[in-house]
Structure formats: C-alpha cells, structure tokens
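The values are calculated or read from the model by the stated rules, or taken from the named source; none is laboratory data. Predicted model, so just to flag it, every value in this text is computed and none were measured. Backbone-built Cβ (ideal geometry, glycine too); neighbour counts: all protein chains shown. Surface areas here come from the heavy atoms of the whole protein model, side chains and all, with no ligands, DNA or RNA. Shrake-Rupley method; radii C 1.70, N 1.55, O 1.52, S 1.80 Å.
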Amino acid sequence: EVDHPATQKSKKQKLSSLLGGLPPHVTYVSIDFDQETLEEKLFENGYNKDLKTLFIWEGVTYFLTAEGIDSTLAFVSANSGPGSSIVFDYIFKAAISGDYDSAELRREQKILEKLGEPYVFGIDEGRIKQFLEERGFVNVTEVDHNYITKHYFGAANQNRRYPAYLPIAHATVARTT
C-alpha cells in the first residue's frame with residue numbers, strides 16, 4: 001500500500017479501528033511522489049520487479065506534477081514483470097484549465113484550493129492511448145462516466161453519477177523480459 005505519508009497515516013488509523021489492527025500481510029510504503037521515487041521506496045521495502053504486478057493508482061495523478069507522473073510511469077514500465085499493468089483515474093486537462101463547464105467540478109476545485117491541494121495535472125481528452133504508449137505501455141483502454149455509471153451504480157446507488165471529466169485508464173507494460 002503506497003501513499004502520501006499523511007494520507008497513509010489516516011488510512012492506517014481507520015483500518016486499525018475497523019479491524020482491531022493492521023493486516024500483517026500488507027506492507028505500507030509512505031511516499032511523496034513529487035519528492036521521492038517509487039524506485040527507492042519500493043525496493044527498500046521488498047518489491048520484486050520480476051513478478052507480475054497490478055498497480056492501482058487511484059486518486060493521485062491529478063495532484064502530481066508532470067515530472068511526478070512521468071517518473072512513476074517510467075518506474076512501472078521499466079521495473080515490472082511480464083504481463084504487469086496499471087489502472088488509474090485521471091482528469092481531463094480542460095477541467096483544470098477552466099475550459100470544462102461543470103458546477104460539480106467548480107465546487108470540488110474550491111474545496112481543494114482551500115485545502116491547499118488543487119488539481120495540477122491533466123491529460124487531453126481523447127489522448128490517453130498516445131500518452132501511455134509514449135511511456136512504454138500497450139493495450140490501453142479507457143472507461144468513461146457513462147460506462148462506470150451503467151455498470152457500477154445500480155440499486156441503492158442508481159442516482160449516483162460519476163464525473164464526466166474523470167475517466168479511468170488501464171494499460172499493460174510493453175516490456176516482455
């Protein structure tokens with residue numbers, strides 16, 4: 001479990017309170033993606049680059065710099081076993097620049113700015129495949145808000161809507177050795 005130190009501390013407290021302790025099979029790695037690298041943090045905590053790995057990168061990309069994004073993707077691409085992949089959510093660049101019209105987005109941005117954590121990085125709509133292929137990934141797929149709402153928000157959650165400016169991408173590491 002890799003996350004920013006403050007966020008991870010909160011997660012660990014919540015888990016301890018819910019489970020009566022932390023699961024012993026989970027390794028917790030604290031990292032500031034803009035100041036530290038996955039390489040240094042994961043390898044010093046026992047990561048094995050020869051194993052097939054699924055990287056779940058949720059709720060992170062839009063708060064990082066372009067350098068933090070590229071550094072993380074470069075690590076995953078160069079240090080993962082055959083068949084490894086990554087899944088992550090990201091925000092459209094137009095949502096950050098103000099060219100995306102959404103009352104929900106404006107409310108989010110105000111809250112995040114007050115917290116000192118504004119959206120920083122976005123990817124142009126329709127460019128995720130090229131973006132990831134340029135960084136060593138293949139088999140890029142993307143799901144949008146319509147797909148997510150249709151497939152995951154039923155029954156008790158049928159009135160929930162997933163933001164249109166926040167797709168989810170999945171890609172496989174191109175290297176085979």
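Check segment 27-41 and report whether any residue there is within 20 Å of residue 174 (Cβ to Cβ), surrounded by 13 or more Cβ atoms within 10 Å (Cβ to Cβ) and either touching a residue at least 60 places away in the same chain (Cβ under 8 Å) or touching a strand residue (DSSP E or B) at 6+ places or on another chain (Cβ under 9 Å) (or both). Scanning segment 27-41, I find at least one residue that is within 20 Å of residue 174 (Cβ to Cβ), surrounded by 13 or more Cβ atoms within 10 Å (Cβ to Cβ) and either touching a residue at least 60 places away in the same chain (Cβ under 8 Å) or touching a strand residue (DSSP E or B) at 6+ places or on another chain (Cβ under 9 Å) (or both), so the answer is yes. Candidates in segment 88-110 are the residues that are among the aliphatic types (A, V, I, L, M) and open to solvent by 40 Å² or more (accessible area, probe 1.4 Å); of these, the one that is nearest to residue 55 (Cα to Cα) is 96.
Could you tell me which residue of segment 40-92 is nearest to the chain's Cα centre (by Cα), considering only residues that are among the β-branched types (Val, Ile, Thr) and not in a helix (DSSP H, G or I)? Step through it out loud before you land on a result.
Our first condition is that a residue be among the β-branched types (Val, Ile, Thr); within segment 40-92, this holds for 53, 56, 60-61, 65, 69, 72, 76, 86-87, 91.
Filter once more, keeping what is not in a helix (DSSP H, G or I): 53, 56, 60, 65, 86-87, 91.
Numbers: 53: 15, 56: 6, 60: 5, 65: 13, 86: 9, 87: 7, 91: 10 Å.
If we take residues in segment 40-92 being among the β-branched types (Val, Ile, Thr) and not in a helix (DSSP H, G or I), then 60 is nearest to the chain's Cα centre (by Cα).
Check segment 137-153 and report whether any residue there is open to solvent by less than 100 Å² (accessible area, probe 1.4 Å), over 25 Å from residue 83 (Cα atoms) and either part of a loop (DSSP other than H, G, I, E, B) or among the small types (Gly, Ala, Ser) (or both). Yes, segment 137-153 contains at least one residue that is open to solvent by less than 100 Å² (accessible area, probe 1.4 Å), over 25 Å from residue 83 (Cα atoms) and either part of a loop (DSSP other than H, G, I, E, B) or among the small types (Gly, Ala, Ser) (or both). For segment 112-123, check the following and say yes or no: at least one residue is more than 24 Å from residue 33 (Cβ to Cβ), open to solvent by 40 Å² or more (accessible area, probe 1.4 Å) and of a type outside the set (Ser, Thr, Tyr). Taking every residue of segment 112-123 in turn, none turns out to be more than 24 Å from residue 33 (Cβ to Cβ), open to solvent by 40 Å² or more (accessible area, probe 1.4 Å) and of a type outside the set (Ser, Thr, Tyr).
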